[in-house]
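Asker: Here you go, one structure.
The values are calculated or read from the model by the stated rules, or taken from the named source; none is laboratory data. As the structure is a prediction and not an experimental result, all values here were calculated from the model. Don't worry about glycine lacking a Cβ; one is built from the backbone with ideal geometry, like all the others, and counts go over all protein chains shown.
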Amino acid sequence: MNNTFELKKGTLVFEIDKIVITDNARYEKRYRLISSSILIFFGLYELIKYLGKSEMFSFRFGLLMGASGLVNLAFEYFKSSQSEIYYKDVKSLKVNRIFSSDVLFIRMHNNKTRRVNGIYNAERLAEYIQSSSFPI
């Protein structure tokens, strides 16, 4: 059975003892970390502006921006961008459809999730995962 699956920006290969993923996950994670940091920075800026002028809008807006940045940053802690995942580290494999895109969720034993976006043939991948006996 063929164990190579095409992604929109890369490939997904199931080898004998590991899963090899080539995509732009590191870039996306870096982008999310930077945007969360910018949200926190501007939220703090608005809160400091509130202390100087006592405008309630600046307080609410700064609090909202800072809190959303902190929440995004906290969620990023539970995501992974590994390109090689050994089967002994995998807790579960699950193919889901989110809006119009198919996504593979790889849940690991360290409570992190590797998300693989843009799978072209998700039905074949789901059948491969069910039919193969992974050491999970």
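Asker: Can you find a residue in region 72-80 that is within 19 Å of the chain's Cα centre (by Cα) and under 20 Å from THR11 (Cα atoms)?
Answerer: Pass one, region 72-80, residues within 19 Å of the chain's Cα centre (by Cα): 72-80.
Next, only the ones that are under 20 Å from THR11 (Cα atoms) stay: 79-80.
Checked against the condition, which is being within 19 Å of the chain's Cα centre (by Cα) and under 20 Å from THR11 (Cα atoms), region 72-80 yields at least one hit.
Asker: Now for a separate question. Which residues, counting only those in region 84-100, are surrounded by fewer than 14 Cβ atoms within 10 Å (Cβ to Cβ) and either closer than 21 Å to ILE19 by Cα or not hydroxyl-bearing (Ser, Thr, Tyr) (or both)?
Answerer: Taking region 84-100 as the starting set, the residues that turn out to be surrounded by fewer than 14 Cβ atoms within 10 Å (Cβ to Cβ) are 84, 86, 88, 91-92, 94, 96-100.
Once the filter is applied, which keeps residues that are surrounded by fewer than 14 Cβ atoms within 10 Å (Cβ to Cβ) and either closer than 21 Å to ILE19 by Cα or not hydroxyl-bearing (Ser, Thr, Tyr) (or both), region 84-100 yields GLU84, TYR86, LYS88, LYS91, SER92, LYS94, ASN96, ARG97, ILE98, PHE99.
Asker: Still on this structure, I have one more. Take region 34-63 and flag every residue that is in a helix (DSSP H, G or I) and either in the same structural domain as LYS9 (by TED's automatic domain parsing) or of a type in the set (Asp, Glu) (or both). Step through it out loud before you land on a result.
Answerer: From region 34-63, those in a helix (DSSP H, G or I) are 34-53, 56-63; that's our starting set.
Selection gives GLU46 alone.
Asker: Looking at (1) free of Cβ contacts under 8 Å to residues at least 60 places away in the same chain; (2) of a type in the set (Lys, Arg); (3) surrounded by 12 or more Cβ atoms within 10 Å (Cβ to Cβ), can you tell me which one ARG115 breaks?
Answerer: Unmet for ARG115, out of (1) free of Cβ contacts under 8 Å to residues at least 60 places away in the same chain; (2) of a type in the set (Lys, Arg); (3) surrounded by 12 or more Cβ atoms within 10 Å (Cβ to Cβ): (1).
Asker: Of these, ILE38, ILE34, which one is β-branched (Val, Ile, Thr), at pLDDT 95 or above and touching a Gly at 6+ places or on another chain (Cβ under 8 Å)?
Answerer: Being β-branched (Val, Ile, Thr), at pLDDT 95 or above and touching a Gly at 6+ places or on another chain (Cβ under 8 Å) holds for just one of ILE38, ILE34, which is ILE38.
Asker: Same structure again: Quick one: is GLY62 at pLDDT 90 or above and of a type outside the set (S, T, N, Q)? Please lay out each step first, then the result.
Answerer: Values: at pLDDT 90 or above: yes; of a type outside the set (S, T, N, Q): yes.
Yes.
Asker: What's the number of the only condition in (1) assigned to a helix (DSSP H, G or I); (2) in the same structural domain as PHE14 (by TED's automatic domain parsing) that ARG97 fails to meet?
Answerer: Checking ARG97 against (1) assigned to a helix (DSSP H, G or I); (2) in the same structural domain as PHE14 (by TED's automatic domain parsing), the one that fails is (1).
Asker: Could you please find all residues in region 119-133 being crowded, with 16+ Cβ neighbours inside 10 Å and outside any helix (DSSP H, G or I)?
Answerer: The answer is ILE119, and nothing else.
Asker: Which ones in region 64-78 are touching a residue at least 24 places away in the same chain (Cβ under 8 Å) and not in a helix (DSSP H, G or I)? Please lay out each step first, then the result.
Answerer: Taking region 64-78 first, the residues touching a residue at least 24 places away in the same chain (Cβ under 8 Å) are 65-70, 72-73, 76, 78.
Hit for region 64-78 is PHE78, nothing else.
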